[in-house]
1. More than 12 angstrom separation, counting every C-alpha pair in region A:504-559; what % is that?
2. For A:LYS457 and A:ARG490 in the same chain, what is the full-extension length gain: residue separation times 0.36 nm, less their Cα-Cα distance, in nm?
3. Count the net charge of all other residues whose Cβ sits under 13 Å from the Cβ of A:LEU550, scoring Lys and Arg as +1 and Asp and Glu as -1.
4. Using Cβ contacts closer than 10 Å as the measure, can you line up A:GLU300, A:GLU6 from fewest to most?
5. Around A:SER24, with a cut-off of 9 angstrom between Cβ atoms, what is the net charge of the other residues, counting Lys and Arg +1 and Asp and Glu -1?
6. Cut-off is 10 Å between beta-carbons; in what order do A:TYR507, A:TYR552 appear when sorted fewest neighbours first?
7. Using the Karplus curve 6.51 cos²θ - 1.76 cosθ + 1.60 with θ = phi - 60°, what ³J(HN,Hα) values do you get for each residue of region A:308-320, in whole Hz, with x for Gly and Pro?
8. In nm, to one decimal, how far is the modelled label at A:LYS340 from the one at A:ASN277, with both set 7 Å along Cα→Cβ?
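Rule-based calculations on the coordinates, nothing more; no lab input. No experiment lies behind these values; they were computed from the predicted model shown. Cβ placement follows ideal geometry from the backbone for every residue including glycine, while neighbour counts extend to all protein chains displayed.
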Amino acid sequence: MSKSTETMEKIVALCRRRGFIFGSSEIYGGIGGFWDYGPLGVELKRNIKDCWWHDMVRNPPPGPDGRKFQMVGVDCSIIMNPKVWEASGHVGGFADPMVDCKECNARFRADQVYSLFLLKGPSIEHLRDAVEYNASHPKDHLKPEIEVFACSVEANSVTETLDVAGDVVRAASKARNIGKYKKFTPETKLRGVSSRSGTLFCTTEAGEDIQVHVEALATDDSATARPCPKCHAEDSLTESREFNLMFETNTGALQDSTSKVYLRPETAQGIFVNFKNVMDTTRVKIPFGIAQIGKAFRNEINPRNYTFRSREFEQMEIEFFCNPNESKMWYEFWRDVRIKWYESLGIQSDKLRPREQGEDELAHYSDACTDIEYMFPFADEPQELEGVAHRGSFDLMAHGKASKGKETAFAVLDDATKERFVPHVIEPSAGVDRFTLATITEAYSFDENRASPEFMKFHPRLAPIKAGVFPLVAKDGLPELAEPIYADIRKHFSCQYDAKQSIGKRYARMDEAGTPFCFTIDHETKEQGTVTVRNRDDASQEKIDKSRCLEYLRDKLGL
RNA sequence: GCGGGUGUAGCUCAGUGGUAGAGCGUCACGUUGCCAACGUGAAUGUCGUCGGUUCGAAUCCGAUCACCCGCUCCA
């Protein structure tokens, strides 16, 4: 077993032992992809959400130009009119048809095996012929087969497929003489294909990166013989099956096709759908942001890695609306703000990585996206904590068109420039559960020289319990001295009183809960009015006056 | 969905056909008093589930379920 797996197992064990996280429905054998937070976990998660709301919504940092901007919140319903998900592209795009190979058991997303489908008619040679034919007859219509991207069984490499695909497109562009294809020359390099959006990513002769949309990209089951991309067995692929990643349910007592609704797969759409409501009822002006924290649901095919990929999870999302001229600036602003936020809560910067997504992995709505990734112990590569996406005006235009009949329905007027535009949107979308897991793995510390070798070094703002209050012994009047101190602190901070067992065990328990400070009321409290403060991180002790406990905590926690 | 692994107390695990166990943790009482102290005692189990073989099954066989790991997938 690898060291990182071992660490992860210790973390999972501690989380269960101390009541951070339980598997959902455990007594019935559990249910994959769902998790429950216990008494300590819920405090931790609540602190994370409170910090985010405080730091992003109520006290957002100054903008890139020093300008202040407004942030407001909403809390939208999880179930919305299903048209929302049609307009947003989730109904079409979120349901991925999958095919399995009956020979080698490999599974592929149907629209991602485009390059290795054998379609009716053309082989590579046919296509090459067609390319030549069309090249020599530029005014003629294309041969029908050239409308289709394909490769034959002989084309075993993606490179070869792309070569031919490139030829096809170049020929097509020449034949059609369409302006936007003019940049294609024999030297054009095809770097990748996004079958989802039907986009080709190319580098031109001049080294310029361009995108071309292709309408006739064949991605369906029209093949007569479809070799498996992996083992090349013929006719081994199953019919494509829908793996709808959205949870479906029904409204109303009667269930029929008209009652079908979805559990939201992201909180963002609630914000877009309420954009006009917020504009009309709140005195916000572009640029401004709308924030929401809430649950979202995705039928992940294979939930793994503890709570990292759950089917029910919580998001903290901002949709920041700005002038398209300034969207790049705000995109970079939010990306940097969000990274700093994680660092401010104790995530080591060398475990954080901003990763700019490649063109071919961008979602259908996204112009640019930076994943903020964290190096979890369970993976070799950093994993996504948050995506900061430049969504352009995609969502507002899509909802404008679908709900009001025109894409510019949600355009706004800039008072200064008298310019009308549909705002661009920057979306920092963070996973609450993923960050909770990151804080847990980050906090987990092991030092065999300590009396309590395992301890959780939570950032003080996130610690589920801020302080312990212990009478050294449960007699001699010490509990009577400790109780008022506890009563005082608990009014302001999450705090635990414990008079049971030895002081060492109590410290150790607090170490596993990640409590930063413990106040011990001892005999000197009686005689000199001092209490002993014990620090979680180095087990050091100091004496302070018993009246200063709350003040000490406020000071040390910075709260 | 495929392959591999694992299911016994809250946790870690022992138990290869004959009464269900240990350590840790938890709780109580006592002793003690500044880093998981000590003593005594207690609670906690459909041995994942169902079926079969057997006089007798945690143990052998079959099936099934769940979880973990790998593959696949993750808009």
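1. Cα-Cα pairs in region A:504-559 separated by more than 12 Å: 65 percent.
2. Numbers: separation 33, 0.36 × 33 = 11.88 nm, distance 2.12 nm.
Length difference between fully extended and current span is 9.8 nm.
3. Here the count lands on +3.
4. On the way: A:GLU300 14, A:GLU6 11.
Ascending Cβ contact count within 10 Å gives the list A:GLU6, A:GLU300.
5. Charge balance near A:SER24 sits at -3.
6. Working: A:TYR507 22, A:TYR552 18.
Exposure proxy ranking, most exposed first: A:TYR552, A:TYR507.
7. Values per residue, Gly and Pro as x: 4, 10, 9, 7, 10, 8, 10, 10, 10, 10, 10, 10, 9 Hz.
8. 3.3 nm
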